[in-house]
1. Cα centroid distance between the stretch 192-243 and the stretch 266-304, in Å?
2. For the pair residue 173 and residue 418, how long in nm is the line joining their label points, each one 7 Å along Cα→Cβ?
3. I'd like the orientation of helix 414-432 relative to the chain: the angle between its Cα long axis and the longest Cα principal axis, in ° from 0 to 90, rounded to 10.
4. Mind pulling the angle between the C-alpha long axis of helix 13-23 and the longest principal axis of the chain? Nearest 10 degrees, somewhere in 0 to 90.
5. Kindly work out what percent of the DSSP beta bridges joining two residues of the stretch 147-311 are antiparallel, to the nearest 5.
6. Rounded to the nearest 5, what % of DSSP beta bridges with both residues in the chain are antiparallel?
7. If the label point is 7 Å along Cα→Cβ of residue 41, which residues in the stretch 80-110 have backbone nitrogen under 16 Å from it?
8. Provide the packing ranking of 240-251, 325-336, i.e. peptides ordered by the mean count of other C-beta atoms within 10 Å per residue, highest first.
């Protein structure tokens with residue numbers, strides 16, 4: 001792959017030269033003294049990442065950042081500042097900067113920031129390609145770019161290197177489990193082979209065994225005279241995705257376990273085994289461990305399927321993905337229906353951010369699809385996505401002593417009150433930082449790992 005392309009926009013020649021020297025062995029670097037020169041060079045297509053000084057002559061860094069984000073929303077921008085002015089940095093994050101660096105620039109620290117930013121660029125491109133495919137094939141799931149989803153994709157990248165390691169994907173209905181399975185497939189050595197998806201809950205239980213493993217001619221009444229290949233054979237050299245794996249009957253579970261252990265199975269009515277090389281990726285929204293405890297699912301199969309388990313967070317656990325995903329669907333459905341719905345109104349954004357998505361991304365997709373279909377203007381309104389009888393949820397703002405719940409004779413749940421307060425400030429920090437966890441952690445004076453730990457506990 002070609003090296004990434006970087007622009008350095010800084011009015012200090014010493015900064016431009018030192019950064020160029022530090023980065024050129026790994027990246028293609030171009031340097032500019034003004035924002036106007038850097039923006040002009042982007043007319044033929046922008047770089048992958050821009051190092052942008054805030055204090056520039058003429059057009060300043062914040063103005064340039066807004067222009068860049070409007071023209072190239074996928075481009076990563078790292079701001080350079082002479083001193084750590086929280087207000088200015090927060091403003092930059094709100095306008096879409098990935099991160100910032102303080103002069104004098106630390107060589108290794110800057111390199112790590114750039115590596116992190118470019119990794120995000122790579123993952124965003126990959127996610128966007130998967131989103132496009134997902135929509136084209138009418139799969140009602142979609143990923144986002146939150147910290148939780150970035151962790152999922154990092155795990156996908158690791159497990160995909162093996163062509164046959166079984167993967168268990170768990171998560172709520174509509175959270176994007178099939179898309180994660182496809183990501184495993186398309187990044188694996190099996191990517192040139194078929195991706196065969198089957199919903200175990202949608203196939204009649206009496207047919208699931210013959211559908212998975214196939215059968216020989218005359219194996220049972222109604223069997224095809226020529227016999228039939230099973231879905232496992234169809235997936236030879238690729239990936240078999242078994243959605244709703246908990247619905248497999250005990251007989252099919254036993255045969256699937258044999259295949260996972262040996263790579264062989266018997267077609268129904270066959271006297272010899274069939275050998276197939278295929279990865280099994282399974283998914284469920286049920287708690288298989290609890291099903292094992294109730295003897296509803298084989299313990300040995302559970303552990304064999306879950307050699308690697310990938311937990312897909314619900315949309316409610318990654319609320320910073322709601323608006324980017326809504327905009328993604330808005331653009332696609334506007335094109336599909338020949339409409340000119342270009343943005344989401346403030347009231348509709350407020351409604352989406354306050355809505356509990358029981359159906360996760362699938363529900364959000366359906367809401368936006370309906371909204372675009374019935375919309376009469378260039379903005380998607382809250383009535384379009386929720387119906388005319390609904391309105392955007394109210395957002396209360398507490399200040400001063402209103403933060404403290406009243407202590408009455410009945411007592412007070414102190415732990416609960418502290419938990420609510422911590423949740424509020426974590427959410428506020430993320431909002432101020434535009435979803436950037438590193439910046440949000442700085443605003444709360446804690447390190448990134450502590451912030452992530454407390455966020456997950458919310």
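Where a number appears in this text, it was derived from the coordinates with a stated rule and is not lab data. If you're wondering where the values come from, they're calculated on a predicted model, not measured in any experiment. Heads up, the Cβs are rebuilt from the backbone with ideal geometry, glycines too, and the neighbour counts pull from every protein chain shown.
1. 14
2. Label at residue 173, label at residue 418, 3.9 nm between them.
3. 70
4. Tilt relative to the chain: about 20 degrees.
5. 20
6. If we restrict to bridges inside the chain, about 15 percent are antiparallel.
7. Residues passing the 16 Å test: 80.
8. Details: 240-251: 20.2, 325-336: 18.8.
Peptide ranking by packing, descending: 240-251, 325-336.
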